[in-house]
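Student: Let me begin by handing over the structure; questions about it come next.
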Amino acid sequence: MIHPKLIDPQEIAVIGGSDNPNSPGGKILENLMEQHYKGQIYVVNPKKEQVKNLPTFKDVKDLPQKVDLAIIAIAAKYVAESIQILSEQKNTKAFIIISAGFSDSGAEGRLLEQRIVTQIEKYGGSLLGPNNIGLINQNYAGVFTRPIPKLDPHGIDLISGSGATAVFIIEAAMPIGLSFNSVWTVGNSAQIGVEEVLEHLDETHTKHSPKIKMLYIESIKKPKKLLKHARSLIDKGCQIVAIKAGSSAAGSRAAGSHTGALASSDLAVNALFDKAGMIRVYGRNEMINTAAIMQFGLPKGKNMAIVTHAGGPGVMLTDILEKNGMKVPELKGAKAEALKSKLFPGSSIANPIDFLATGTAEHLDEILKTIENDFDQIDATAVIFGSPGLFQVYDVYDVLATHIKNSKKPIYPILPSVINVADEIAYFHAKGFAGFPDEVVFGQMLTQAYRQKSEKLPHRAQPIPKSSRLNLYNYKDYLPPEINYKLLNSFDLPLVSEAYFTEINQAFEFARTQFPVVMKVVGPLHKSDVGGVRLGINNEKDFRKNFDELMQISGAQAVLIQAQKTGLELFVGVKKEAGFGHLILFGIGGIYIEVLKDFQAVLAPAGLAEIHQKIKQLQMYPVLKGIRGEQGINIDAFAGLIKKISDLVHTYPEIEELDLNPVLADQRELYIVDSRIKISKN
């Protein structure tokens, strides 16, 4: 729990404060004073009698008896002693440690950091840092960096694992008109990380709280906490845009299955973000553009109107929207012609609506009124307006602001003339509106945000196995075939009739009742790689010949006989990711899984609504539905199978990997043809 004194301190002591504005301690004092902190500021500096006309003390021991927050900017080796005195003698409950030299510097620093956290927690305090730039909120600017963004109670909450990155995000956000409610930098996250800040924002959220959150994450230490509070905030009406850095550092793993080869830590991150409803982006400009889009709101449908007085940007925006699944429908009919009659000759209303370089604010007003009131098929409008710099265009921005404020459909202002009308754009920003400098970047981020828009998922019931729980702890690798079969069967999974044999005559007696059959070697991990799968066996001669050959394969333990089924090959797999839980992958199956890579992933436990959303995102989804006269598969049965696997691994957390490949499906039913389940050695 974050202590209230970190949020709203009545007294702040800057340990290491100075007159030097180029030092961290000096800049912290400067920012506190210039941003009009209303409480009492104390300075601790052993070399100065007084700093900036503030009460100044040589030693922490000399501070008054009550100090709510200490911002510490001194060498790491002196920090522990200061914290001990502050926590024990000065009733200090909140600490921001700017200094580096802790867990960021090695084992010795890590021990020092742990000692400090123990001391702070002993007295019920909160620590932000070490090795961060500080905290900015509506009460104070406790940072040593610039710029300080425009603060607005309805602005964005930014949480960053990197102080420098937070500064760069602020620098990118300010020119497009984004304002902030708070900026949190967690540094080493010794006590408070991104997850704890998100938890705080969730638990203190009211209907008046900011709705947009931006996260820069370098390490997800507590995935389940992040998921819980992100989902909770989104269900309360918030939107979260997040960067998870380090996506290429997942590392290699020894893959004992197709799923093991496909799964990665970054795939687990994607699945977690999707489950939470967060929008993942990969850079600062993507982040700030998406956050700005969220402030204007997402369209209810895909149909966009583009209003421009310059042809090229309108064409480029049309291209990027249409390419990514949005629509820019033609506008025609009596109402469109009535609008055209109110514009200068030569204007186009087909969509994009081009009202020419000579178009006026009055023309723009007419266009936006018509879109709002007469074009019911339009879900949102992008207005591209720049200027050659010949005259002032304040009136255009007044019209834009009025319509954005009053329209029921989102209006997105794209303002490319960042030099020619810089004053007018600043005037527009001052009204509380952001703007987008580049139409293509805007189009890319709008389409991504629309595709990823979160739907409230229904409650997921806990799984109830059909039979009593099997004891899998006796097995320390892959389950024996008979236990594998028994476990899947206990969850009513659709298994093909099968049996395992080491003796050829017994095998034939079973096979003759099932012809045609599939024969598979039991033992080698990847059967296809060793020629261990034989299909369409339907007579005794072929059966005996293939049985002998399969048993001669190196590592063969038995031969599996199955009734042969036909259908589209699918797969479902599970990989347990540390901290995240079970990652369930599914898609097109067979030997080409790792080549085609057409699969989706969810984290267990997963509900049917969530699974159906993901199935629809498969590239082969049109094939699953049925295309060009070809029958599709029973998608409800496929989703139900994935749901049962989710229930299975949620019930048996000791499962490390699971592979169902292939699963054969047609329009009526599906069957699991091959399966492997690996149990964790821990």
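We did not get these values from a lab; they are worked out from the coordinates using the rules stated. This one's a predicted model, so the numbers in the text were calculated from it and none came from an experiment. Quick reminder, even Gly has a Cβ in these numbers, built from the backbone with ideal geometry, and neighbours come from all protein chains shown.
Student: Over the Cα atoms, compute the radius of gyration (one decimal) and Dmax (the largest Cα-Cα distance, rounded to a whole number) for the range 299-451, in Å.
Tutor: Here Rg and the maximum Cα pair distance are 14.3, 40 Å.
Student: By per-residue mean of other Cβ atoms within 10 Å, what is the highest-first order of 289-301, 352-364, 108-120?
Tutor: 289-301, 352-364, 108-120
Student: With an 8 Å cut-off on Cα pairs and a minimum separation of 6 or more residues, tell me the relative contact order of the range 4-133 in percent.
Tutor: 22 percent
Student: Also, quick follow-up: On a 0 to 90 degree scale, rounded to 10, what angle separates helix 394-406 from the longest Cα axis of the chain?
Tutor: Tilt of helix 394-406: around 50 degrees.
Student: Helix 439-451 sits at what angle to the longest principal axis of the chain, using alpha carbons and giving 0 to 90 degrees rounded to 10?
Tutor: That works out to roughly 50 degrees.
Student: To continue, here is another question. So for each of 642-649, 371-378 I average, over its residues, the number of other beta carbons within 10 Å; can you give me the resulting order with the highest mean first?
Tutor: 642-649, 371-378
Student: May I pose another question? Stokes-Einstein diffusion coefficient for the range 4-133 at 25 °C in a medium of 0.890 mPa s, Rh from the Kirkwood formula over Cα pairs: what value in µm²/s?
Tutor: D = 169 µm²/s.
Student: Still on this structure, please answer the following. For the chain, what is the calculated [θ] at 222 nm in deg cm²/dmol (nearest 500), taking -39500 (n - 2.57) for each run of four or more DSSP H residues and dividing by its residue count?
Tutor: Value at 222 nm, helices only, nearest 500: -10500 deg cm²/dmol.
Student: Report the extension gain between H526 and V595 in nm, rounded to one decimal, defined as 0.36 nm multiplied by the number of residues separating them, less their alpha carbon distance.
Tutor: Result: 23.3 nm gained on full extension.
Student: What is the diffusion coefficient of the range 497-563 in µm²/s, taking the Kirkwood radius over Cα pairs and the Stokes-Einstein relation at 20 °C with a viscosity of 1.002 mPa s?
Tutor: Answer from the Stokes-Einstein relation: 188 µm²/s.
Student: Compute the length gained on full extension between F168 and K476: take 0.36 nm times their separation in residues and subtract their Cα-Cα distance, giving the result in nm to one decimal.
Tutor: Gain in length upon complete extension: 106.0 nm.
Student: Next up: If you wrap the range 568-679's Cα atoms in a convex hull and average its projection over all directions, what's the area in nm²?
Tutor: Across all orientations, the range 568-679 yields a mean hull projection of 6.7 nm².
Student: Here is a follow-up. Compute the separation of the alpha-carbon centres of the range 363-397 and the range 593-626 and state it in Å as a whole number.
Tutor: Cα centres, the range 363-397 to the range 593-626: 40 Å.
Student: Taking the inverse of the average 1/r across all pairs of different Cα atoms in the range 352-395, what Kirkwood radius in Å do you get?
Tutor: By the Kirkwood definition, the hydrodynamic radius is 11.8 Å.
Student: Of the DSSP beta bridges with both residues in the range 4-57, give the percent that are antiparallel, rounding to the nearest 5.
Tutor: 10 percent
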